[in-house]
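Here's the structure we're looking at; comments come further down.
The values are calculated or read from the model by the stated rules, or taken from the named source; none is laboratory data. Just so we're clear, the structure is a prediction, and the values are computed from it rather than from any experiment. Cβ atoms come from the backbone with ideal geometry, glycine included; neighbour counts cover every protein chain shown.
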Amino acid sequence: MLDKLRIINQRFDEVSDLIIQPDILSDQKRYIKLNKEYKELKNLVDKGEEYKSVLANLNEAKEIIADVTDEEMLEMAKMELDEANEKLPILEEELKVMLIPKDPEDAKNVIVEIRAGTGGDEASIFAGDLYRMYTKFASSKGWKTEMEDFSEGTSGGFKEIIFSVSGEDVYGTLKFESGVHRVQRVPQTETQGRVHTSAATVMVLPEAEEFDIDLKMSDVRVDYFCASGPGGQSVNTTYSAVRLTHIPSGIVAQCQDQKSQHKNKDKAFKVLRTRLYEQELQKKLDEDSAKRLTMVSSGDRSAKIRTYNYPQGRVTEHRIGLTLYDLSNIINGDIHKIIEELKLTENAEKLRATDDTL
């Protein structure tokens, strides 16, 4: 462990020196990359210093116990030894998890797409419930959410809704949400009180930064049209909505949320870049089978990942066999426990898959 920490300290010193060099400061792409690495290494260095401090206290206490005969000093040394022996394994486990190679995408912001699946109007209502769940969760984390595009359901909710989430380590937290979410409940339109099963698909995409994708304007067709839905006369009668089509891939992105055509165009480009980036990322994931080993990966978007059962107040996370009888809080944004359990499972699998070189 100490050898590993020594290497990390050396790299931290190198990065600390690099990010203040004029040629790095003038190269935005390299600066952003190095700045992210600096922050990650800083957390490791701080935890490493705490570990070394406890280790030093333990060794010092052992020396005092071996050499000193004074009863009071011996008692203090034994207390110090017990405290260090209690802290050390905890710190070692924390460091092992921190030393697991991180997915470089984890620090990115995300674009979330929720689409109503089987279940008609009830599926659209459920898609709206999921949107509200994620925005409340994001708010509790201090993240910012912004609507990109939507298509309303005929009885409420959304046939499709696309929104962005920005903050710290957003993709690393929300990536587990990709997949099919099912709801089992009595729809408002059901007169005989029968429980129906409906579904919605969630896609969480790491947001592409401008230098992640070489997007040629000659490859993009831009169409302007009148927005539909609520928003007042100016939204519905001016050509403010924007639809972008990436001709080589056929990928389409549109935005009609803003009154400004320019703002809609910027938002649509953000979504388009992200979809193109995600397409390339998926190719890498398909090629790198090791990344697909974890059962909590976001690789298979057709997989049923979670069921929300209203009659029993139960939420079941199928990938890890977790069942919680706390549906009302979970659907109101309290998904912390589910995500933490998924993270723990993924980290445990990564630790098992990695040779213990610490």
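The strands (runs of 3 or more DSSP E) falling completely within the stretch 150-227 that include 1 or more residues that are among the hydroxyl-bearing types (Ser, Thr, Tyr) map to 158-166, 196-206, 220-225.
Listed here are the residues, each with its yes/no results for (1) among the acidic types (Asp, Glu); (2) in contact with a Phe, Trp or Tyr (Cβ under 6 Å, 6 or more places away or on another chain).
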{"residue": "Glu75", "(1), (2)": "yes, no"}
{"residue": "Lys96", "(1), (2)": "no, no"}
{"residue": "Ile100", "(1), (2)": "no, no"}
{"residue": "Asp106", "(1), (2)": "yes, yes"}
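Restricting the stretch 92-137 to residues that are of a type in the set (Lys, Arg) and under 30 Å from Arg194 (Cα atoms), the residue that is nearest to the chain's Cα centre (by Cα) is Lys136.
Touching a Cys at 6+ places or on another chain (Cβ under 7 Å) and either of a type in the set (Val, Ile, Thr) or more than 30 Å from Asp46 (Cα to Cα) (or both), is that true of Glu122? No, not satisfied.
Test Arg301 against the stated conditions and say whether it is modelled with pLDDT under 95 and either buried (at least 18 other Cβ atoms within 10 Å of the Cβ) or in contact with a Gly (Cβ under 7 Å, 6 or more places away or on another chain) (or both). Steps first, please.
On the way: modelled with pLDDT under 95: yes; either buried (at least 18 other Cβ atoms within 10 Å of the Cβ) or in contact with a Gly (Cβ under 7 Å, 6 or more places away or on another chain) (or both): yes.
Judged against the criteria, Arg301 is a match.
Within the stretch 198-212, if we keep just the residues that are buried (at least 16 other Cβ atoms within 10 Å of the Cβ) and among the hydrophobic types (A, V, I, L, M, F, W, C), the residue that is modelled with the lowest pLDDT turns out to be Ala208. If you check Val220, Val195, Val242 for being of a type outside the set (Ser, Thr, Tyr), within 30 Å of Gly313 (Cα to Cα) and either modelled with pLDDT of 85 or more or outside the structural domain of Ala116 (by TED's automatic domain parsing) (or both), only one passes: Val195.
Scanning the stretch 102-149 for residues that are assigned to a loop (DSSP other than H, G, I, E, B) and in contact with a strand residue (DSSP E or B) (Cβ under 8 Å, 6 or more places away or on another chain), which turns out surrounded by the fewest Cβ atoms within 10 Å (Cβ to Cβ)? Even if it seems obvious, please write down each step before you answer.
From the stretch 102-149, those assigned to a loop (DSSP other than H, G, I, E, B) are 102-109, 117-120, 141-143; that's our starting set.
Within this subset, residues satisfying the condition of being in contact with a strand residue (DSSP E or B) (Cβ under 8 Å, 6 or more places away or on another chain) are 105, 108-109, 117-120, 143.
Numbers: Glu105: 16, Lys108: 23, Asn109: 23, Gly117: 17, Thr118: 13, Gly119: 19, Gly120: 16, Trp143: 21.
Looking at residues that are assigned to a loop (DSSP other than H, G, I, E, B) and in contact with a strand residue (DSSP E or B) (Cβ under 8 Å, 6 or more places away or on another chain), I get Thr118.
Take the conditions (1) at pLDDT 95 or above; (2) under 30 Å from Gln279 (Cα atoms); Asn309 misses just one of them, which is (2).
Consider only pairs whose beta carbons are under 8 Å apart and that are at least six residues apart or on different chains; among these, list those whose first residue lies in the stretch 218-236 and is within 14 Å of Asn264 (Cβ to Cβ) and β-branched (Val, Ile, Thr) and whose second residue is modelled with pLDDT of 50 or more and assigned to a strand (DSSP E or B). These pairs meet every condition: Val222/Val242; Val222/Arg243; Val222/Leu244.
Give the stretch 51-91 a look and list any residue that's within 31 Å of the chain's Cα centre (by Cα) and surrounded by 14 or more Cβ atoms within 10 Å (Cβ to Cβ), or say none. Lay out the reasoning, then the answer.
Kept after step one, since they are within 31 Å of the chain's Cα centre (by Cα), are these residues of the stretch 51-91: 51, 87-91.
Residues satisfying the conditions are Tyr51, Lys87, Leu88, Leu91.
Restricting Leu2, Leu18 to those that are touching a residue at least 24 places away in the same chain (Cβ under 8 Å) and closer than 28 Å to Val97 by Cβ reduces the list to Leu2. Beta carbons closer than 7 Å, at least 6 apart along the sequence or on distinct chains, pair a first residue in the stretch 46-75 that is among the polar types (S, T, N, Q) with a second that is in a helix (DSSP H, G or I) for Asn57/Glu80; Asn57/Ala84. Condition first: modelled with pLDDT under 90 and outside the structural domain of Ile32 (by TED's automatic domain parsing). Can you find one or more residues in the stretch 171-179 that meet it? Among the residues of the stretch 171-179, not one is modelled with pLDDT under 90 and outside the structural domain of Ile32 (by TED's automatic domain parsing), which makes the answer no.
Residue under question is Leu281, and the condition is that it be modelled with pLDDT under 80, surrounded by 13 or more Cβ atoms within 10 Å (Cβ to Cβ) and not acidic (Asp, Glu); does it hold? Walk me through it before giving the result.
Working: modelled with pLDDT under 80: yes; surrounded by 13 or more Cβ atoms within 10 Å (Cβ to Cβ): yes; not acidic (Asp, Glu): yes.
Yes; evaluated as a whole, the condition is true for this residue.
Among the numbered conditions (1) modelled with pLDDT under 90; (2) surrounded by 13 or more Cβ atoms within 10 Å (Cβ to Cβ), the only one that Thr357 does not meet is (2).
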